[in-house]
Amino acid sequence: MSEFSVDSVARATGGRSAWAAMPTPSAAASIGRGTAQHPSAPIPVQGRAVGADLRVVLGEHGRAVFPLILGGAEFGWNVDLESSHDILDAYVERGGNAVHTSDSFAGGRSEHIIGEWMRTRGLRDDMIVGVRVGAHPDHPGMDPVNLVRGVEASLTRLGTDRIDVLYLNATAGIPAMEDTLATAEWLVESGKARAIGAFGVTAEQLVEARILSSAGYPRVTVLDVPYNVLRRREFEGDLKLVAGAQSMAVTPSHALEHGFLSGRHRTRGDVGRSVRASQLAGNMNRRGTRALRALDRISDELSVPPAAVAVAWLLAQPVVTAPIVSAFAPQQVDELVRGVGVRLSRAHLTEIARAVE
């Protein structure tokens, strides 16, 4: 089951996406080979991608990324290899240069799919690759042995020699922060990781990690946390204060709350029975309905899809550097990328805040 469909894109954008109107290189190549073109057809876009110069700094290490990171959570699960590669192609064609995956996504198949795509396209050096490590059943946890084994296994599946942002997955706990950071230090010094991030950590753990960094251990500079219009409580508190005080780059995942904020699924009858259905159903209440109505009204005013408004809301938060988003089809990449160009007014942000109170 997808977060939203091509039909929903057409419905939300009046039948056409401004980004989708731009021909891809493959489409442009067909021009002049005997394919009849209507006089009003768009002029082919050639050369650099439209968003190629749109970059933000990801943490203190200065990695420059597109302000929207493509997540691989659905690759190998709801999206097969060929379709995943089409989505990745569409993302890069629009200027994207950062991907995010995990050793637990589809049992590691997501990493394999992304690695195969980088190999066949010859794009490894052009991409910033973030990997969340620590939840694979073969080597779970953040103890030194499993962390090293987890990183080595991810590198093998990705077919690369380094991870640009290594997210330490602390959802199962961190036995000893000093040991974990000492292992991370070895991984950085050996060239297997370039920057250290974290997922599933508490504010207290971030403070402890910063104290240890003053003793020479590597700093945790990037934070992956579930965060969106509806899911705010677990981040907007001490964790947000600490992340801001430490000038961390926040790359929130679940930007669309499992697809609910796209507006595609509004009733329990829309979702059927599946894992995704249960995730969506949790937001099908008065608060969720009010949130969708606010996104719908703003999307109509700005002539963009509701999903783009949800992305724009995240980018309007001062601590957010680049949201992590997932797509099920190339057309949905168009819809999500449009959120990068949306600037919400103070009135828009207030309207959304009141809707989700």
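The values are calculated or read from the model by the stated rules, or taken from the named source; none is laboratory data. Source: prediction; values computed, not measured. Note that we place each Cβ from the backbone using ideal geometry, even for glycine, and neighbour counts take in every protein chain shown. Accessible surface is based on the protein model in full, side chains and every heavy atom, while ligands, DNA and RNA are left aside. Shrake-Rupley method; radii C 1.70, N 1.55, O 1.52, S 1.80 Å.
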Residue satisfying all of: in the range 339-356; open to solvent by 30 Å² or more (accessible area, probe 1.4 Å) and assigned to a helix (DSSP H, G or I); modelled with the lowest pLDDT among these: 341
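Rundown of residues vs (1) farther than 22 Å from residue 132 by Cα; (2) in contact with a helix residue (DSSP H, G or I) (Cβ under 6 Å, 6 or more places away or on another chain); (3) among the charged types (D, E, K, R); (4) at pLDDT below 95, yes/no style:
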{"position": "28", "(1), (2), (3), (4)": "yes, no, no, yes"}
{"position": "32", "(1), (2), (3), (4)": "yes, no, no, yes"}
{"position": "61", "(1), (2), (3), (4)": "no, no, no, yes"}
{"position": "68", "(1), (2), (3), (4)": "no, yes, no, no"}
{"position": "91", "(1), (2), (3), (4)": "no, yes, no, no"}
{"position": "115", "(1), (2), (3), (4)": "no, yes, no, no"}
Among the residues of the range 139-146, is any at pLDDT 95 or above and either farther than 24 Å from residue 183 by Cβ or touching a His at 6+ places or on another chain (Cβ under 9 Å) (or both)? yes
Within the range 92-119, of all residues that are within 18 Å of residue 332 (Cα to Cα) and of a type outside the set (A, V, I, L, M, F, W, C), the one most open to solvent (accessible area, probe 1.4 Å) is 93
If a residue must be open to solvent by 10 Å² or more (accessible area, probe 1.4 Å), farther than 27 Å from residue 357 by Cα and touching a strand residue (DSSP E or B) at 6+ places or on another chain (Cβ under 6 Å), how many such residues does the range 183-220 contain? 3
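Find the residue count for the range 82-117, including only residues that are over 20 Å from residue 169 (Cα atoms) and out of contact with any strand residue (DSSP E or B) (no Cβ under 8 Å at 6 or more places or on another chain). Break it down stepwise before answering.
Here is the first cut: in the range 82-117, the ones over 20 Å from residue 169 (Cα atoms) are 82-97, 113, 115-117.
Filter again for out of contact with any strand residue (DSSP E or B) (no Cβ under 8 Å at 6 or more places or on another chain), leaving 82-83, 85-86, 89-90, 92-95, 115-117.
So the count comes out to 13.
Looking at the range 114-129, which of its residues are farther than 23 Å from residue 252 by Cα and either part of a helix (DSSP H, G or I) or under 21 Å from the mean Cα position of the chain (by Cα) (or both)? Lay out the reasoning, then the answer.
The first filter runs over the range 114-129 and keeps only residues farther than 23 Å from residue 252 by Cα, leaving 116-125.
Selection gives 116, 117, 118, 119, 120, 121, 123, 124, 125.
Can you confirm whether the range 63-76 contains a residue that is out of contact with any strand residue (DSSP E or B) (no Cβ under 7 Å at 6 or more places or on another chain) and open to solvent by 60 Å² or more (accessible area, probe 1.4 Å)? Spell out how you get there, then give the answer.
So in the range 63-76, the residues out of contact with any strand residue (DSSP E or B) (no Cβ under 7 Å at 6 or more places or on another chain) come out as 73-76.
From the residues that got through so far, the ones that are open to solvent by 60 Å² or more (accessible area, probe 1.4 Å) too are none.
No; the residues of the range 63-76 include none that is out of contact with any strand residue (DSSP E or B) (no Cβ under 7 Å at 6 or more places or on another chain) and open to solvent by 60 Å² or more (accessible area, probe 1.4 Å).
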